[in-house]
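One structure is given below, encoded as structure tokens.
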Amino acid sequence: MPKISGRGAWRPCWILVATGREREWKSLPKVHISAEIGHEMVNISKETPKETHQRLTEVITRCDLKIYDKTYAFLEFPLHEFPEAVDPDALALVRDDNVWSQLVPCSDPEEELFTIWRFHFDPSDDNSGFIGWIANHLKEKFGTGIFVTCGQNRSRSGIFDYTGCPAALGAEVIAELNQLAAE
């Protein structure tokens, strides 16, 4: 296959389709690659599940992992209350057609509370598939799902992820993340 690179390039791609415990690789005819400041924002890797696991097991050891010591919750406010209702301590602020939702420090037991961590990746690493990989790992080990809210910081290699799990499992999940990052 000829090497195609740069902004606006099209490349063949494989995706892993998971249904319950069943996993199958599916070929997509072409995927559009976008580039940000001369770097690919999203890497595409054609590899087996074993190769993906091996690559991402190495990637997590080189990422900058920050654990937040407070619990957080998503609190909502109506669209018309923006920007006055924005909490300056919010880690993330997203909206749909009806509300703004902000991820803010919270200890109110009436709210759904989350333990939060953030990954910044080494710019030389192919971290494609990382969130799916870590989500699957945590689901298999602890039975929990996770959520991810992404942002971009061009001065720190681009995309970064705030990830959360139910606060009730936070200590166990954080211990597992620290172990994976140290291996």
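Quick grid of which residues meet (1) over 18 Å from Leu177 (Cβ atoms); (2) of a type outside the set (Gly, Ala, Ser); (3) assigned by TED's automatic domain parsing to the domain that holds Ala167; (4) modelled with pLDDT of 95 or more:
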site: Thr71; (1), (2), (3), (4): no, yes, yes, yes
site: Phe82; (1), (2), (3), (4): yes, yes, yes, yes
site: Asp87; (1), (2), (3), (4): yes, yes, yes, yes
site: Pro123; (1), (2), (3), (4): yes, yes, yes, no
site: Trp133; (1), (2), (3), (4): no, yes, yes, yes
site: Asn136; (1), (2), (3), (4): no, yes, yes, yes
site: Phe142; (1), (2), (3), (4): no, yes, yes, yes
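So is Val59 assigned to a loop (DSSP other than H, G, I, E, B), assigned by TED's automatic domain parsing to the domain that holds Ser128 and either under 18 Å from His137 (Cβ atoms) or modelled with pLDDT of 95 or more (or both) or not? Judged against the criteria, Val59 is not a match. The number of residues in segment 74-89 that are under 27 Å from Ala168 (Cα atoms) and touching a strand residue (DSSP E or B) at 6+ places or on another chain (Cβ under 9 Å) comes to 7.
The numbered conditions (1) modelled with pLDDT under 90; (2) surrounded by fewer than 13 Cβ atoms within 10 Å (Cβ to Cβ); (3) not hydrophobic (A, V, I, L, M, F, W, C) are all true for Lys66 except (1). Go through segment 118-154 and give me each residue that's closer than 16 Å to Val59 by Cβ, in contact with a helix residue (DSSP H, G or I) (Cβ under 7 Å, 6 or more places away or on another chain) and free of Cβ contacts under 8 Å to residues at least 24 places away in the same chain. Matches in segment 118-154: Val148 only.
Here Glu84 fulfils each of the conditions (1) over 13 Å from the mean Cα position of the chain (by Cα); (2) within 26 Å of Cys63 (Cβ to Cβ) apart from (2).
Only residues that are farther than 19 Å from Pro109 by Cα and in contact with a strand residue (DSSP E or B) (Cβ under 9 Å, 6 or more places away or on another chain): list them for segment 90-99, please. Selection gives Leu91, Ala92, Leu93, Val94, Arg95, Asn98, Val99. Say we look at segment 71-95 and pick out the residues that are among the charged types (D, E, K, R) and not in a loop (DSSP other than H, G, I, E, B); which of these is nearest to Cys165 (Cα to Cα)? So the residue we want is Glu76.
The values are calculated or read from the model by the stated rules, or taken from the named source; none is laboratory data. From a predicted model like this one, the values you see are computed outputs, not experimental measurements. Backbone-built Cβ (ideal geometry, glycine too); neighbour counts: all protein chains shown.
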